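Following: one structure in structure tokens, then a few remarks.
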Amino acid sequence: MLTCPYYLLSILALLLVCMLNQVSSNEVVTVDNQPISAIVDQFNNLPSQPMALPLKRDLAFDESGGHIQGIQLFLQDGEISAFLAGSSKDAAYVAQVNLGKEAQVETIDTLMLSPFRHAGGFQIYDHFLAVGIEDNYARTTSKVMIYDLGVDKNWKKPVYTLERNGPYERSTAGAIGITRYKDEFILVVADWNARNLDFYSCPFVSFEKKTGHFTQIGSLETASMERYSWSDTLWHSYQNINLLADESGLYAIAMGRDLQDNQVADLFTITLEASIGNQIISPVETESLNQLTSLELVNKFSPREISLNKISTKQFQCQGGADFRAGAGVFHSGSGLVLAASPNHMDNLSSINLFAIPADLLISTPIGTLRVND
């Protein structure tokens, strides 16, 4: 395990700055004719060995009956922190963790109580956190909650709530991805063991005003997806699926364990094309923080032809109990990419892992918080 504080500061710095130099020494499986994208290069250049930050929790909290399900990094006022989402026997929860020489749990908050006790894989885009919360016993209902992590952060009052109800294991929400793509926000929800992917869209302008409505624009049954052009034909029961976008297109990074129990991340391109006939569909049942206006209520989207193409896969070596089967997540700064992994529990015996490209641009304050080196 690497322990040098200077190197630790370096590897976290890419979260805030553009990085021009790429370093690669790891084997990666890819296909030819990749789209020209910084995301692809950054993914392929992620190191297989992590920086491991010891995870410390002084707060009393009963983690029994569940485990950490996802991890995301977050920047606010120049400081870097991590969010963990998880499940327990009585409640779905979220913890905020200060990152320095150690990963210190600062707060633990309840999201929902039983039967909605299972918060799954999640994603933060900008200052919005999207997470699915399930009844993991009945497995017939879930809620996708989107919170604003800005100055008005309120875990009791999400800015959006999507209701999902249906057949056993089909309307769960075990992994969530969200990003802005062109003039809309795209949300993907994976059900139990990622057997199906449901895609939703909300106009960017109304989403930002917190008056939007999400429309389901399509679904994919993963077992029946065409895979002839994939770098390999494997689809796993991913614990976390995150979305990324740049000028070259829309991408998904899916993280979990493969059939040989390796820690893997797979990179997919996503295409969204209008369906033949351009049939109009109405928004799904969505609650937003603010009252909808009549103009915004009529904002509708057509269904899309959606396809995924796996273009790259990488294996990673976790340390200190971190496990992609517990929680993993990615952060994209535009010119830098970080993949984080969490352990199953905040038990003072394990570590948060960070896989990233290093840079020498951060300093540590006297209390150990990582900040931008101005």
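Tabulated results
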read-out	value
Residue-wise HN-Hα coupling along segment 244-257, computed from phi with Karplus coefficients 6.51, -1.76, 1.60 (Hz; x: Gly, Pro)	9, 8, 8, 5, 8, x, 10, 10, 10, 10, 10, 10, x, 10
Nearest-0.05 FRET efficiency for residue 348 and residue 90, computed from C-beta distance (R0 25 Å)	0.70
Long-range HN-HN contacts of residue 352 with modeled amide H, under 5 Å	53, 55
Filter on 89/143; 56/157; 182/210 - keep pairs with C-alpha separation over 20 Å	56/157
Cross-link reach list, aspartates and glutamates versus residue 314, counting only Cα pairs under 14 Å and skipping chain neighbours closer than eight places	27, 41, 232, 258, 261, 266
Three-way shape call for segment 121-236 based on the alpha-carbon gyration tensor, with the a/c threshold at 1.5	oblate
Built amide H within the under 5 Å cut-off of residue 307, gap 5+	271
Extension reserve of the residue 307-residue 48 stretch, reckoned as 0.36 nm per residue once the Cα distance is removed	90.4 nm
Using θ = phi - 60° and Karplus 6.51 cos²θ - 1.76 cosθ + 1.60, couplings along segment 66-81 (whole Hz; Gly, Pro as x)	x, 6, 4, 10, x, 9, 9, 9, 9, 10, 8, 6, x, 9, 9, 9
In order through segment 45-51: 3J(HN,Hα) via Karplus (6.51 cos²θ - 1.76 cosθ + 1.60), integer Hz, x for Gly, Pro	9, 4, x, 7, 9, x, 8
Residue 345 long-range amide H proximity, modeled H, under 5 Å	68
Residues in segment 137-162 reached by a label modelled at residue 77 [backbone nitrogen below 14 Å; 7 Å Cα→Cβ]	150-153
Point-to-point label distance, residue 106-residue 210, nm (Cα→Cβ direction, 7 Å offset)	2.1
Simple spin-label estimate for residue 335 and residue 170 in nanometres, 7 Å along Cα-Cβ	4.8
Residue order, fewest to most beta carbons within 10 Å, for 127, 67	127, 67
Inter-site label distance for residue 138 and residue 259 at 7 Å from Cα along Cβ, in nm	3.7
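Every read-out reported here was derived from the displayed coordinates using simple, explicitly stated rules and does not represent laboratory data. Because the structure is predicted, anything quoted here is derived from the model rather than measured. Methodologically, a virtual Cβ is constructed for each residue, glycine included, from the backbone with ideal geometry; neighbour enumeration extends over all protein chains shown.
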